[in-house]
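Note sheet for the following structure.
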Amino acid sequence: MKRFGGVVAVQGVTFDVRPQEIVALIGPNGAGKTTLFNMISGIFSPTAGEIRFAGRPIHGLSPHAIARLGLTRTFQNLQIFYHMTVLENVLVGLNVRLKTRMLAAGLRLPRVAEEERRARDMALQWLNRVGLAALADRPAATLSYGQLKLLEVARAAVSQPAMILLDEPMAGLNPAESQALVRLMLAMREEGTTFLFVEHDMEAVMTAADRIVVLDYGRMIAVGPPAEIAVHPEVIRAYLGAEIEVIAGAHPQ
Ligand SMILES: Nc1ncnc2c1ncn2[C@@H]1O[C@H](COP(=O)(O)OP(=O)(O)OP(=O)(O)O)[C@@H](O)[C@H]1O
Ligand SMILES: [Mg+2]
């Protein structure tokens, strides 16, 4: 549960995400989706309730501590370092781990240089996977909005977390970019990654998600596989009924 003054943004939301599952979190604007992400990733402490990751409670831990445990995220309102290059922005996603390793290396410089080379290789590899490798040395400020969203995905993925939270990753992507991102998520799931993602693009949700959690006014009104959610009366009543029905008709499951 999360309360902001008199506003209860999230209340009575209980669900789990299984290893290698892709779960979509949907709901109208203001439903509490980002607030839930902010609690899971340690930006806000819940007012009440608990959050567990890989069996251990994580509510109250700092965002860095949670990232170190292998749970990373992207942001609906981008968190890009615009003065840095594209590659450097991805390297930020490795800093958490690098710092500890550098300390462990006892500041032996050749070893640190080796670590940095490895980090660069890893960052380039992820830029390649999101289709931005050619832009690695450009200032981040020169990228389009869609490219910046993909850059955040690379930064969240580069530390090889067990689980990634994506807050509206398709917003601002063109259809080809959006489909490529769905394919990347499905490929990463095969490699062991678990996803929880917020998305308004229902086609992406229906294609990528194993299960969908629906929030409305901070409460969870439904959870289930796409085919069930698409015909769930309360979901249709509360949210985008027509659009979901059309998509469900196009992709019978
Ligand atoms: N830091 C904050 N302080 C006060 N109120 C907040 C804060 N963050 C969110 N809220 C309120 O909590 C509610 C849920 O907002 P939230 O951003 O979680 O919605 P959302 O489901 O992500 O919406 P959208 O689809 O528009 O991104 C809203 O009423 C919002 O105004
Ligand atoms: Mg939001």
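The values are calculated or read from the model by the stated rules, or taken from the named source; none is laboratory data. For clarity, every value in this text was computed on a predicted model and none was experimentally measured. Note: ideal-geometry Cβ built from the backbone for every residue, glycine included; neighbour counts use all protein chains shown. When the accessible area is computed, the model is the full protein with side chains, heavy atoms only, and any ligands, DNA or RNA have been set aside. Shrake-Rupley method; radii C 1.70, N 1.55, O 1.52, S 1.80 Å.
Taking helices (runs of 4 or more DSSP H) as the structural unit, those lying wholly within the stretch 106-210 and holding at least 1 residues that are in contact with a strand residue (DSSP E or B) (Cβ under 7 Å, 6 or more places away or on another chain) and buried (at least 16 other Cβ atoms within 10 Å of the Cβ) correspond to 145-157, 175-190, 202-208. Annotation: of all residues in the stretch 31-55 being within 11 Å of ligand 2 (Cβ to nearest atom) and assigned to a helix (DSSP H, G or I), the one that is nearest to I212 (Cα to Cα) is K33. Here K33 meets each of (1) more than 19 Å from D16 (Cα to Cα); (2) charged (D, E, K, R); (3) within 16 Å of ligand 1 (Cβ to nearest atom) with one exception, condition (1). Look at (1) closer than 22 Å to T72 by Cα; (2) open to solvent by less than 20 Å² (accessible area, probe 1.4 Å) and you find that G224 fails only one, number (1). The set of residues in the stretch 48-74 being open to solvent by less than 50 Å² (accessible area, probe 1.4 Å) and touching a strand residue (DSSP E or B) at 6+ places or on another chain (Cβ under 6 Å) consists of F53, L71, T72, R73, T74. Candidates in the stretch 49-78 are the residues that are in contact (Cβ under 8 Å) with a residue 12 or more places away in the chain, within 16 Å of ligand 1 (Cβ to nearest atom) and among the polar types (S, T, N, Q); of these, the one that is nearest to Q11 (Cα to Cα) is Q76. Taking the condition crowded, with 19+ Cβ neighbours inside 10 Å, touching an Asp or Glu at 6+ places or on another chain (Cβ under 8 Å) and over 22 Å from A157 (Cβ atoms), does G32 pass? So G32 does not fit the description; no. Taking only the stretch 21-30 into account, find how many residues are assigned to a loop (DSSP other than H, G, I, E, B) and more than 13 Å from ligand 1 (Cβ to nearest atom). Counting residues in the stretch 21-30 that are assigned to a loop (DSSP other than H, G, I, E, B) and more than 13 Å from ligand 1 (Cβ to nearest atom) gives 1. Checking each residue in the stretch 18-30 for being in contact with a helix residue (DSSP H, G or I) (Cβ under 9 Å, 6 or more places away or on another chain), within 13 Å of ligand 2 (Cβ to nearest atom) and either not β-branched (V, I, T) or not assigned by TED's automatic domain parsing to the domain that holds V182 (or both) picks out L25, G27, P28.
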